[in-house]
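J.: First, the structure itself, so that you have it in front of you.
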Amino acid sequence: MKPAFSVRGRSDVFIGPAAEILPDVLPAGRVVAVSDAAVAELHGRLLAPYETLLVGRGEEHKTLRTVETLCRRLIGLGADRKTFILGVGGGIVTDVAGFAASIYMRGLPFGFVSTTLLGQVDASVGGKNGVNVDGYKNMAGTFTQPRFVVCDPALLRTLPEREFRAGMAEAVKAAVIADAELFARLERLGFDALRGDTAELSAVVSAAVRVKAEIVERDEYEAGDRRKLNLGHTLGHAIEKCSDAMNHGEAVAVGTALAADAAVRLGVLAPADRDRIRGLLARLGFDLTPPVPVTRLLQEVGKDKKSEEGVLRVVFPTGIGGCEVRPMTRDGFAALFA
């Protein structure tokens, strides 16, 4: 079966029915699946052929403790270096499963079936596997490519509305970074149309994955271009650290809107494009009001893992389909919100 995309020649991305794709892409031998209780209940038939380990749901379970517990359970199962790890779930499951597989016995092969929109358009693709430390996002992790990622848009029918919307924030992010046509498609369709049309949703997933795959192809380890994928995340991660009022996608939407505001003040983005970005996010149903004052968020951004020697690498949109990464001190960044 031919993948839709191949990342670095090591990680194939398939878009289509997971039940049909998996038998063709899984290696012969032992497979241990990692999932969570909700996915197991909704998609039990997909997990049925495999030994399955369940992890907890929610960011509070995306920790080193969860990874250690998973490694202990793999030891208990007698998993060895020929065991294949299959993460089936959203971004938390794939992050934890990918990280555990990357370090267990110095590395097992692994692949993903992504069951959330956020996972399909962003979290499961590209080889980042990480967990949070003391509330700081993805502070421990690896760059290790999954052998494959299966994105099945039909699985998204079971997503709650809020979780589906969270994924739309990452699709908008991809469009702002590098795909003006995708941005226009999202403007034209809107939330309800995308929620109800699997064919249109497949096209959106494919376009967003293409943006990420092409960037990771050029820069796997985030030394340059890959930093663009952090659009909205500098302040988005600070929101997640300071408040539990928003999930990841909601925080990224606010962070993207704030980055667009700052880009206008910096003189790199036209006000009309800022209004389009804010307008699309609002029409998709996002509340763009930060849950805590921006001054509080700015206190946290210097602790972000993207800060190097006190210098932030901040992503600013420069148009619909373009952005730039600018090194700034925290004070310089904060001045844009004064």
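The values are calculated or read from the model by the stated rules, or taken from the named source; none is laboratory data. Treat the numbers as computed from the prediction; the structure is a model and nothing was measured. Here Cβ is always computed from backbone atoms with ideal geometry, including for glycine, and neighbour counts include all displayed protein chains. Only protein heavy atoms, including side chains, enter the accessible area calculation; ligands, DNA and RNA are left aside. Shrake-Rupley method; radii C 1.70, N 1.55, O 1.52, S 1.80 Å.
J.: In the stretch 98-171, what is the volume of the convex hull around the alpha carbon atoms, normalised per residue and reported in Å³?
T.: That works out to 99 Å³ per residue.
J.: Here's something else I'd like to know. Arrange the residues 96, 311 by how much accessible surface each exposes, largest first, with a 1.4 angstrom probe.
T.: 311, 96
J.: Taking only DSSP H segments of four or more residues, each worth -39500 (n - 2.57), what value at 222 nm results for the chain once the sum is divided by all its residues, to the nearest 500 deg cm²/dmol?
T.: Taken over the chain, the calculation gives -14500 deg cm²/dmol.
J.: Here's another thing I want to ask about it. Set Lys and Arg Cβ to +1 and Asp and Glu Cβ to -1, take the dipole of the chain about its Cα centre, and tell me which of 236, 169, 184 lies farthest positive.
T.: Selected residue: 236.
J.: Relative to the longest principal axis of the C-alpha atoms of the chain, give the angle of the C-alpha long axis of helix 233-242, reported between 0 and 90° and rounded to the nearest 10°.
T.: Roughly 80 degrees between the two axes.
J.: Turning to a different aspect of this structure: By how many degrees, between 0 and 90 and to the nearest 10, does the Cα long axis of helix 64-77 differ from the longest principal axis of the chain?
T.: Relative to the chain, helix 64-77 is tipped by roughly 10 degrees.
J.: What percentages make up the Cα-Cα pair-distance distribution of the stretch 229-293 when the bins are 5 Å wide from 0?
T.: For the stretch 229-293, the binned pair fractions read 4, 20, 29, 24, 16, 6, 1 percent.
J.: For the pairs 82/173; 82/228; 82/241; 62/82, flag any whose C-alpha to C-alpha distance is greater than 32 Å.
T.: The answer is 82/173; 82/228; 82/241.
J.: Please list, by residue number, every one of the chymotrypsin sites (Phe, Trp or Tyr not before Pro) in the stretch 148-242 that is coil in DSSP and has at most 16 other beta-carbon atoms within 10 Å.
T.: 221
J.: May I pose another question? Tell me, what HN-Hα J-couplings in whole Hz come from the Karplus equation 6.51 cos²θ - 1.76 cosθ + 1.60 at θ = phi - 60° for each residue of the stretch 87-92, using x for Gly and Pro?
T.: x, 10, x, x, x, 5
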